[in-house]
Structure formats: structure tokens, C-alpha cells
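Contents: one structure, followed by commentary.
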Amino acid sequence: TSKIERNSPTGIHHRLMTNPEYALRFGDLVQQHFFHDGAMTPEATQALYAQRSDQIDLVMRVESARWGDNQIDQGRRKRYLREDWVNNRQWLYENYFPDRTEVVLQQFESRDWFVAGQAPEFSVDGSPQHGGQVDPGGQLTMAAPEGTIYFTLDGSDPLADGGELSPTSQAYTDGMAINAVVNVNARMRRDDGSWGPISSARFTVGAPADASSLRISEIHYHPSSATPTEIAAGFGDADEFEFIELVNI
């Protein structure tokens, strides 16, 4: 590896991947962003690109008028029009974004950086569901290809620093009823003792608030001065007691 490559972000990453804890955290991010509507899924990446391109759609006309003939193509001047940009954008929509996620995942797998299917999958009442709204009492189940699943319901990682189990983690044995909002984090410990990437999902119970059901029920504005007891507790600024209360009726 050349010196430039070793000192580049890619070169640093290659060396860091030899560290088991870094490799595990890298797998966590891949699992988070490449699956279950994550930021690097085809739909999400295309939507982000569309948002940015829509912002500059009209001004590309000005850009073309100003710089469109600034390129040389085979010894002749070629004028790049806004139409060229529109066509390239459409090509990205139709050819690049639909396949790019899978291409990158295959690159990760070819380097042994990630193996798909190693994170626990969630289901509610027998149907796959990665977070979202559930009916009260909905049965949450988890599945993994091997080993034992360890999970938490408070949003913490089942695996503590240093490779030890978190004090709040528990081994999954059977389904559980969801009757309140839970932040589920789960990992699979393989039969050889190694760990797979984390699965994280937030499940909510009941109908979420919308414009017809959300109300501002109380506003506490410009409170009176803090009391001696509050000041002694470290809250001397009355503004710290301001709040707005929202209710889903």
C-alpha cells in the first residue's frame, strides 16, 4: 500500500478494520443504514438526491448559460446544457440508485467487513416489522440464524464496552407483549462467542398524534423567580422552568 493510500481515510479505515471493536461498530452502522429504510437504502438515497437536485433545478439554467461552453470535447467546444444535467439525473434515478446499495454491500462482504443476515430480525404477531406502531399487547418475536439473542428494552446496547454483557441485557427465549413504547436493541452472540451487528427499533403503542388529535394543553411562560430550594439544587435561572405540554387526545 502506498504512503498516500495509508494516510487517506480509506487507508486508515483498512487498518482500523483489524481492530475487532471497530469492525463491530462498523457492522452496526452498515446494519443501521443499509436495511429497514435506512439512510443508504435505494429509496432513501434517491429521495435525498431528489431533494437537493430540486433545490437547484432552475438555477442550473443560469449555470449552463455561464459555464456551459467551458469544456473541450475532442478538440471542439461542447456546450453543456441544462438538458444534459436533467438526463444525467434521470440516469441516476433509473440505473445508479436502484443498484448501488447492493453493490456496496457486496464490496463489504468480499472484504469480510460485513455479512448480511447476522442481525436479529423482529416480527410482531407473526409478521416482520422493524419498529413502528403496534396494537396494545402485540407479540414481539426475534429471530437470528444461530447462537443466542441478547436484547434490551431501554435503548442501550446489550454489549458493554470490553465485550461484556450489559447489566440491563437479557437472553431472548420467547415472544413478549408490547404495551408501552419500547426501544429494542438486540444482538446475536454466535456459537463461537463472537457478536453480530445490532438491530435497533422503536415500537409505539396506539395511534400517533396528527393534526386532528394533537393539542397544546399547557404553556408555562416566564415563571417566577427560583425559590431558595431550587437555587440550592442548582436551578437558579427561572427560564429553566418554562415548558409546553402537548397531549394526544
Cβ-Cβ FRET estimate between residue 87 and residue 107, R0 fixed at 30 Å, reported to 0.05: 0.65
From the coordinates shown, Kirkwood radius over Cα pairs in Å corresponds to which of (1) 19.4; (2) 21.1; (3) 23.3: (3)
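Taking the solvent-accessible surface of protein heavy atoms with a 1.4 Å probe, what is the per residue accessible area of the chain in Å²? Provide the component values of the computation, followed by the final result.
Numbers: 16310 Å² over 249 residues.
Dividing the accessible area of the chain by its residue count gives 65 Å².
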Those chymotrypsin sites (Phe, Trp or Tyr not before Pro) in segment 90-155 that DSSP places in a loop and that have at most 12 other beta carbons within 10 Å: none
Contour excess over end-to-end distance, with Cα ends at residue 116 and residue 174 and 0.36 nm allotted per residue: 18.5 nm
Sites excluded, trypsin sites (Lys or Arg not before Pro) in DSSP loops with at most 13 other C-beta within 10 Å, longest stretch of the chain: 112-249
Potential extension, residue 52-residue 230 segment - 0.36 nm per residue separation minus Cα distance: 59.3 nm
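Which GluC sites (Glu not before Pro) does segment 185-247 hold that lie in a coil by DSSP with at most 13 other beta carbons within 10 Å? Working shown, then result.
Values: sites: 218, 230, 240, 242, 245; in loops: 242.
Here the GluC sites (Glu not before Pro) that fit, given the DSSP loop and packing criteria, are 242.
Give me the percent of accessible area attributable to carbon and sulfur for segment 93-249, probe 1.4 angstrom. Spell out each step's value before the answer.
Numbers: 4710 of 9410 Å².
Its accessible area is 50 percent carbon and sulfur atoms.
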Modelled label reach - residue 221, point 7 Å along Cα→Cβ, segment 232-249 residues with backbone N closer than 12 Å: 243-244
Segment residue 143-residue 207, length gained on full extension (0.36 nm per residue, minus Cα span): 20.4 nm
Accessible surface of segment 24-65 [probe 1.4 Å, protein heavy atoms]: carbon and sulfur percent: 62 percent
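The values are calculated or read from the model by the stated rules, or taken from the named source; none is laboratory data. Everything numeric in this text was worked out from a predicted model, so none of it was measured. Note: ideal-geometry Cβ built from the backbone for every residue, glycine included; neighbour counts use all protein chains shown. SASA here: full protein model, heavy atoms, side chains in, ligands and nucleic acids out. Shrake-Rupley method; radii C 1.70, N 1.55, O 1.52, S 1.80 Å.
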